[in-house]
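Report on the following structure.
The values are calculated or read from the model by the stated rules, or taken from the named source; none is laboratory data. What you see is a predicted model, and the numbers here were worked out from it, not measured in a lab. Using ideal geometry, Cβ is built from the backbone for each residue, glycine included, and neighbour counts are taken over all protein chains shown.
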Amino acid sequence: ERFGEKPDVWHSKINETKKSETLRRILSGEAKIIIGARSSLFLPFKNLSIIIVDEEHDTSYKQEENGIYHARDMSVVRASIENVPILLTSATPSLETIFNVMSKKYNKVSIEDKFFNKQHNEVFIVNMKKEKLQKNHWVSNKLKQCIEEASSKNKQALLYINKRGYAPVVICKSCGHKISCTNCTSYLVEHLQKKKLLCHHCGHSIGVNNITCPSCKNHNQEFIDYGAGIEKIFTEVSKLFPLAKVCLFSSDHIKSNKDLEDKVRDIKNNKYDIIIGTQLISKGYHFPNLSCVGIIDADMTLKGGDLRASEKTYQALYQVAGRAGRENEKGTVVIQSYYPENETIQSLGDLNRNQFYENEINYRVSNFLPPSGRMAAIIVSGNNLEKVRHQCNYLYRAIPKISSLEIYGPAPAALSKLKGRHRQRFLVHDKKARNMQKIVNVWLSQSKTIPSVNISVDIDPYSFV
C-alpha cells in the first residue's frame, strides 16, 4: 500500500511454480520490491537500488549448515559490489553493527523509540530466590497481579519462555537417570500435547507410554519432569485463571503461514486473554490491546559458555518487553530472575539500552572478543570416533605459529554427538582483527585429511554447540 506495488516473496517454502514466476519477474525487471529470507540475497536482480536488512540482529540470519554464512554480512558485501546503499534496522542492533558505527564504517540513523521506554512502560524485576512458590509453579505473585490487573481492564497479557514443550528434562524416579537422545548428547524434551519425548536436534522421539530407562531398564515406571517449557506454563496459567482464554504461540503449535496469520488475527481481535509464547512471539507483531508482559525465566540464556549470551538475552527480552504498552495506556513488564543483580537484567529493568551496549562493548574490547578480536570454531565430525580423533591430531600438529593466536582444543564439542555423528572442536582466538579466513585456510592446507571425516569452519560463530 505504501509504495503502490505488491512485493514479490522469496523463501524455501514457496512452491517451484511460484519460484519460477518470481524469478522470471526479477530477470525481466517487473519485480520492484522483493521480500525474502536468506536465500533471496543471491537472486539475479536486474537493477538493484537498495538492500534493507530488517531486525539485523536476529540470529536466524546466520546459516549454520550446508555452507556457513551470515546473511547480514553477505548483504553488506553485495551492496558494496553493486554500489548501492544498505540499511540495517533494529531496535536492538548487533554488537558488530554498533562497533562498525563507533569505528565510523557505518553511519547511524536514529528514530525515536516509540514503545519500550519509561513513558510507555513500568518494569518490575522479581527476585525468584525470594519468591515463595509451590513446587512446579513458575508464575510469581507480581506477575499474577499484573495479569489480574490487565484482565480487569479487558486487556491482554503475554508470558514469554523460550523453551518448547512441557519439560526440558525427564528423570527416571527409580535410578535418577536423565532420559537422553540415542543420536545426540542432549536430553529428550517432554511434549505433553504430542505425548512424546522429543529431541530438538535430530527429531528422534519416544512415546510417553513407551519409555524404558536405559540405566535401570525399568519400563513405564514413574518418571519425573524437571524444569518448565511453554506447555507447563500453559497448564499452570490455565489453573490460575480458569475463565481466561489462553493460547500457545510457538513453532510446535503454528505449523504454516496460514496458522500464523490466523493466530495473529485472533489475538488482535481479542479472542485470547493470555498468550504464552516462545521467541516466535517477539518477531515484530503489534498487539494493540496487550498491556502486560511477563518474562518467566530471564536468566535462561545467560547460562553456558556463549560469549554472546548477554547480547542475545538482552535483544530477545527487549524485543518481547516492547510488545507491551504500544497504545496510549502504559504497559507493565515483569522480569522474573534468579540473578537480578546481573548487568543485563539491570539494564532491562532500568530501560537503559545505551548503558547495556557500553558495558558489553567495553567487555568485548578489553578481552579482544568479536567484534574487537576474531574467533573461529572448527568442528571435526564423523561416524567413527577414532577417525575423528585422528583427524584432530593431524590438525593439532599443523597449528600455525602466530604469537597473538590462541587455539583451544581439540575437545568434545558441547554437543559431542549430533545426529549420530561424533564431534570434536577447536576454538581459535586472535586478539588482532586479522583475516581469520586466511589463517584457517593456511592451517587446513598444511594438515593431512581423512576422507570420511568432515571439517567445518565457522568464523566468529554465533552458536557454540
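Residues of region 23-46 being farther than 20 Å from Met74 by Cβ and of a type in the set (S, T, N, Q), which ones? Of everything in region 23-46, just one residue is farther than 20 Å from Met74 by Cβ and of a type in the set (S, T, N, Q), namely Ser28.
Annotation for region 9-19: no member residue is surrounded by 12 or more Cβ atoms within 10 Å (Cβ to Cβ) and among the acidic types (Asp, Glu). Just wondering, is there one or more residues in region 219-229 that are assigned to a helix (DSSP H, G or I) and either of a type outside the set (Gly, Ala, Ser) or in contact with a helix residue (DSSP H, G or I) (Cβ under 7 Å, 6 or more places away or on another chain) (or both)? No, because not a single residue in region 219-229 is assigned to a helix (DSSP H, G or I) and either of a type outside the set (Gly, Ala, Ser) or in contact with a helix residue (DSSP H, G or I) (Cβ under 7 Å, 6 or more places away or on another chain) (or both). Taking the condition closer than 20 Å to Ser256 by Cα, in a loop (DSSP other than H, G, I, E, B) and β-branched (Val, Ile, Thr), does Ile35 pass? Judged against the criteria, Ile35 is not a match. Answer with yes or no whether Ala150 is touching a Ser or Thr at 6+ places or on another chain (Cβ under 6 Å) and not charged (D, E, K, R). Here the answer is yes, as Ala150 does meet what is asked.
For (1) more than 18 Å from the chain's Cα centre (by Cα); (2) surrounded by fewer than 21 Cβ atoms within 10 Å (Cβ to Cβ); (3) within 30 Å of Pro288 (Cβ to Cβ), each residue gets a yes or a no:
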site	(1), (2), (3)
Met74	yes, yes, no
Glu82	yes, yes, no
Ala91	no, yes, yes
Ser151	yes, yes, yes
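Being over 21 Å from Ser90 (Cβ atoms) and either surrounded by fewer than 23 Cβ atoms within 10 Å (Cβ to Cβ) or of a type in the set (A, V, I, L, M, F, W, C) (or both) holds for only one residue in Ile295, Ile254, Ile281, and it is Ile254. Total residues in region 171-203 satisfying the condition of being touching a residue at least 24 places away in the same chain (Cβ under 8 Å), surrounded by fewer than 24 Cβ atoms within 10 Å (Cβ to Cβ) and among the hydrophobic types (A, V, I, L, M, F, W, C): the figure is 8. Here Tyr160 meets the list (1) in contact with a helix residue (DSSP H, G or I) (Cβ under 9 Å, 6 or more places away or on another chain); (2) modelled with pLDDT under 95; (3) surrounded by 16 or more Cβ atoms within 10 Å (Cβ to Cβ); (4) of a type outside the set (A, V, I, L, M) almost entirely, failing just condition (2). The residue pairs whose first member lies in region 219-241 and is not assigned by the TED database to the domain that holds Glu148, whose second member is part of a helix (DSSP H, G or I) and modelled with pLDDT under 95, and whose beta carbons are closer than 6 Å, counting only pairs six or more residues apart or on different chains, do not exist in this structure. Residues in region 434-459 that are in a loop (DSSP other than H, G, I, E, B) and within 20 Å of Ser381 (Cβ to Cβ): Ser447, Lys448, Thr449, Ile450, Pro451, Ser452, Val453. Take Lys255 and decide whether it is assigned by the TED database to the domain that holds Thr313, more than 15 Å from Ala167 (Cα to Cα) and within 24 Å of the chain's Cα centre (by Cα). Taking the combined requirement at face value, the residue satisfies it. Scan region 254-268 and tell me whether some residue there is over 12 Å from Leu159 (Cα atoms), part of a loop (DSSP other than H, G, I, E, B), modelled with pLDDT of 90 or more and in contact with a strand residue (DSSP E or B) (Cβ under 8 Å, 6 or more places away or on another chain). No, every residue in region 254-268 fails to be over 12 Å from Leu159 (Cα atoms), part of a loop (DSSP other than H, G, I, E, B), modelled with pLDDT of 90 or more and in contact with a strand residue (DSSP E or B) (Cβ under 8 Å, 6 or more places away or on another chain). The lone criterion from (1) assigned by the TED database to the domain that holds Tyr318; (2) at pLDDT below 95; (3) within 30 Å of Asn269 (Cβ to Cβ) left unmet by Glu131 is number (3). A residue that is out of contact with any Cys (no Cβ under 9 Å at 6 or more places or on another chain) and more than 30 Å from Thr332 (Cα to Cα) occurs nowhere in region 151-163. Taking region 205-239 as the range and being surrounded by 14 or more Cβ atoms within 10 Å (Cβ to Cβ), aliphatic (A, V, I, L, M) and more than 19 Å from Lys271 (Cα to Cα) as the test, the residues that pass are Ile206, Val208, Ile211, Ala228, Ile230, Ile233. The number of residues in region 1-23 that are under 14 Å from Phe42 (Cα atoms), out of contact with any helix residue (DSSP H, G or I) (no Cβ under 9 Å at 6 or more places or on another chain) and not hydroxyl-bearing (Ser, Thr, Tyr) comes to 2.
Filtering region 377-415 down to residues that are closer than 19 Å to Val442 by Cβ and of a type in the set (Gly, Ala, Ser), which residue is nearest to the chain's Cα centre (by Cα)? Only one residue tops the list, namely Ala377.
Checked against the criteria, Tyr408 counts as of a type in the set (Ser, Thr, Tyr) and either under 25 Å from Leu95 (Cα atoms) or assigned by the TED database to the domain that holds Ser186 (or both). Scanning region 269-311 for residues that are small (Gly, Ala, Ser), in a loop (DSSP other than H, G, I, E, B) and modelled with pLDDT under 90 turns up Gly284, Gly304, Gly305. The set of residues in region 305-327 that are out of contact with any helix residue (DSSP H, G or I) (no Cβ under 6 Å at 6 or more places or on another chain), farther than 18 Å from Lys62 by Cβ and of a type in the set (A, V, I, L, M) comprises Ala321, Ala324. Can you give me the number of residues within region 137-169 that are part of a strand (DSSP E or B) and of a type in the set (D, E, K, R)? Residues meeting the conditions: 0. Criterion first (part of a helix (DSSP H, G or I), of a type in the set (Val, Ile, Thr) and modelled with pLDDT of 90 or more) does Ile335 satisfy it? When the stated conditions are applied, Ile335 does not pass them.
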